[in-house]
Amino acid sequence: MLRAAMLAAAFVCGANAAAECPTEQELDALRVTAVSAFNPRHPGRPLPEASLRDGITVTVEGLPVLLRQAACTAQRHKVVLFLDGRPLPDIVPYPPSNGQQQTLHFVLNRTETSRDVWTHLLGKPTFAPRDVPVSVGLEDGAAVASDVALRLRVIPMGWFALWSTLLAVLGVSFIVLARRSDVLRDPGPAPAPGVRKPYSLARTQAATWFFLILASYVFIGMVTGDYATTITNTVLGLMGISAGTVVGSSLIDQPPAGAAAIPPPSRGWLLDILSDSYGVSFHRFQMAAWTLVLSIVFIQQVYGNLAMPDFDVTLLGLMGISAGTYLGLKTTAERK
């Protein structure tokens, strides 16, 4: 008897829900009419433009119709935010929607589920805010008709000022240190008093990848707010190859016991990293060229996709072969 009563109640509820489903004419009348941004910590404080982690208020003409449609679906689909025509399934209204005022409140959060949508919205960032079309709709459904757009700021200017200042200080300090010390030069004693040792290709490559990865990490975190999941296996591979090259080069440059290896004098940074004891060498040029090309590809991927690139294993293998060739020939062509 109890089971029969429950089935009867479920049938009645289902019939009532079906009876309350909106008509096609009601759904066609739905329209987003306004959008505004606010600070989630101070909801009464409007913002001229929105950034990640800010809140937005979307005004929907006929919002009760949309809520009825959500309630009458079999899976009770959620109402979600659409930006530039793309649904963000993790961004749902909070607090519960206000049907009388016909407004929905959302917080712009980036999650793993919405990573691709935010890459589309934030990729290739510029300093000027972007106008992003805004709408709402049911998950797995179509967006409500809308003619409004949200002014979205991609690069937070406060964080940009802080991080760019810090990186500039680090970069300038390292350049000054490299010119006045031996941090980027070959190991060993100076060729003569007052004469500088040549610059090291391996150490230059390691410094290039270090600063490139550091700047990319800060840039991605600044734009997306993600400082936890940006390091990839490719980054670890590049750092490992460059570190191994530095270690191998230093071991090769160590003189035999009882001998004192005197390096040649420096002829300038470019000639130093491309030359061995016989002059400019192809294996050094090859290693420098691949480092330059992959650095440009790395920057392009970070700027466009807001993520550290995932190089193919064969590409990392090519970098390893280039470094191995450099170390192998260094044992013969660069030691007299």
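The values are calculated or read from the model by the stated rules, or taken from the named source; none is laboratory data. The shown structure was predicted, so the numbers you read here are calculated from the model rather than taken from an experiment. Positions of Cβ are backbone-derived with ideal geometry, glycine not excepted, and every protein chain shown enters the neighbour counts.
Only one of Thr33, Thr23, Thr59 is exposed (fewer than 15 other Cβ atoms within 10 Å of the Cβ), under 16 Å from Pro133 (Cα atoms), modelled with pLDDT of 75 or more and not acidic (Asp, Glu). Can you tell me which? Reasoning before the result, please.
On the way: Thr23 fails: under 16 Å from Pro133 (Cα atoms); Thr59 fails: exposed (fewer than 15 other Cβ atoms within 10 Å of the Cβ).
Thr33 is the lone residue from the list that is exposed (fewer than 15 other Cβ atoms within 10 Å of the Cβ), under 16 Å from Pro133 (Cα atoms), modelled with pLDDT of 75 or more and not acidic (Asp, Glu).
Within the stretch 50-59, identify whether any single residue is touching a residue at least 60 places away in the same chain (Cβ under 8 Å) and over 20 Å from the mean Cα position of the chain (by Cα), and answer yes or no. Even if it seems obvious, please write down each step before you answer.
Here is the first cut: in the stretch 50-59, the ones touching a residue at least 60 places away in the same chain (Cβ under 8 Å) are 50-53, 56, 58.
From what is left, the residues that are over 20 Å from the mean Cα position of the chain (by Cα) are 56, 58.
Taking every residue of the stretch 50-59 in turn, at least one turns out to be touching a residue at least 60 places away in the same chain (Cβ under 8 Å) and over 20 Å from the mean Cα position of the chain (by Cα).
Evaluated against (1) over 32 Å from the mean Cα position of the chain (by Cα); (2) touching a residue at least 60 places away in the same chain (Cβ under 8 Å), Leu251 falls short on exactly one condition, (2).
Could you tell me which residue of the stretch 199-243 is nearest to the chain's Cα centre (by Cα), considering only residues that are of a type in the set (Ser, Thr, Tyr), within 24 Å of Asp186 (Cα to Cα) and assigned to a helix (DSSP H, G or I)? Talk me through it step by step, then tell me what you get.
Restricting attention to the stretch 199-243, the residues satisfying the condition of being of a type in the set (Ser, Thr, Tyr) are 199-200, 204, 208, 216-217, 224, 227, 229-230, 232, 234, 242.
So of that shortlist, the ones also within 24 Å of Asp186 (Cα to Cα) come out as 199-200, 204, 208, 242.
Pick out the ones that are also assigned to a helix (DSSP H, G or I) and you get 204, 208, 242.
Working: Thr204: 25, Thr208: 19, Ser242: 22 Å.
Among them, the one singled out is Thr208.
If you go through the stretch 189-207 and keep only what is of a type outside the set (A, V, I, L, M) and surrounded by fewer than 16 Cβ atoms within 10 Å (Cβ to Cβ), you end up with Pro189, Pro191, Pro193, Gly194. Does Thr73 satisfy being polar (S, T, N, Q) and modelled with pLDDT of 90 or more? No; evaluated as a whole, the condition is false for this residue.
If you check Arg185, Arg179 for being exposed (fewer than 15 other Cβ atoms within 10 Å of the Cβ) and basic (Lys, Arg), only one passes: Arg179.
Farther than 18 Å from Ala202 by Cβ and either modelled with pLDDT of 85 or more or among the acidic types (Asp, Glu) (or both): is that true of Asp312 in this structure? Quick ask: steps written out before the conclusion?
On the way: farther than 18 Å from Ala202 by Cβ: yes; either modelled with pLDDT of 85 or more or among the acidic types (Asp, Glu) (or both): yes.
Spelling it out, Asp312 is indeed farther than 18 Å from Ala202 by Cβ and either modelled with pLDDT of 85 or more or among the acidic types (Asp, Glu) (or both).
Could you tell me which residue of the stretch 132-174 is nearest to His105 (Cα to Cα), considering only residues that are over 18 Å from the mean Cα position of the chain (by Cα) and of a type in the set (S, T, N, Q)? Filtering first and then ranking leaves Ser135.
Out of Leu138, Leu67, Leu122, which single residue is over 20 Å from Asp28 (Cβ atoms) and either in contact with a strand residue (DSSP E or B) (Cβ under 9 Å, 6 or more places away or on another chain) or assigned by TED's automatic domain parsing to the domain that holds Thr229 (or both)?
Result of the check over Leu138, Leu67, Leu122: Leu122.
For Ser277, are the conditions met, namely being surrounded by 13 or more Cβ atoms within 10 Å (Cβ to Cβ) and closer than 17 Å to Asp186 by Cα? Judged against the criteria, Ser277 is not a match.
The single condition from (1) outside any helix (DSSP H, G or I); (2) within 16 Å of Ala215 (Cβ to Cβ); (3) among the small types (Gly, Ala, Ser) that Ser295 fails is (1).
Restrict the check to the stretch 212-233 and report whether at least one residue is over 30 Å from Pro263 (Cβ atoms), surrounded by fewer than 20 Cβ atoms within 10 Å (Cβ to Cβ) and of a type in the set (Phe, Trp, Tyr). Yes; the residues of the stretch 212-233 include at least one that is over 30 Å from Pro263 (Cβ atoms), surrounded by fewer than 20 Cβ atoms within 10 Å (Cβ to Cβ) and of a type in the set (Phe, Trp, Tyr). Within the stretch 162-180, can one find any residue that is small (Gly, Ala, Ser), part of a loop (DSSP other than H, G, I, E, B) and touching a Leu at 6+ places or on another chain (Cβ under 9 Å)? Checked against the condition, which is being small (Gly, Ala, Ser), part of a loop (DSSP other than H, G, I, E, B) and touching a Leu at 6+ places or on another chain (Cβ under 9 Å), the stretch 162-180 yields no hits at all.
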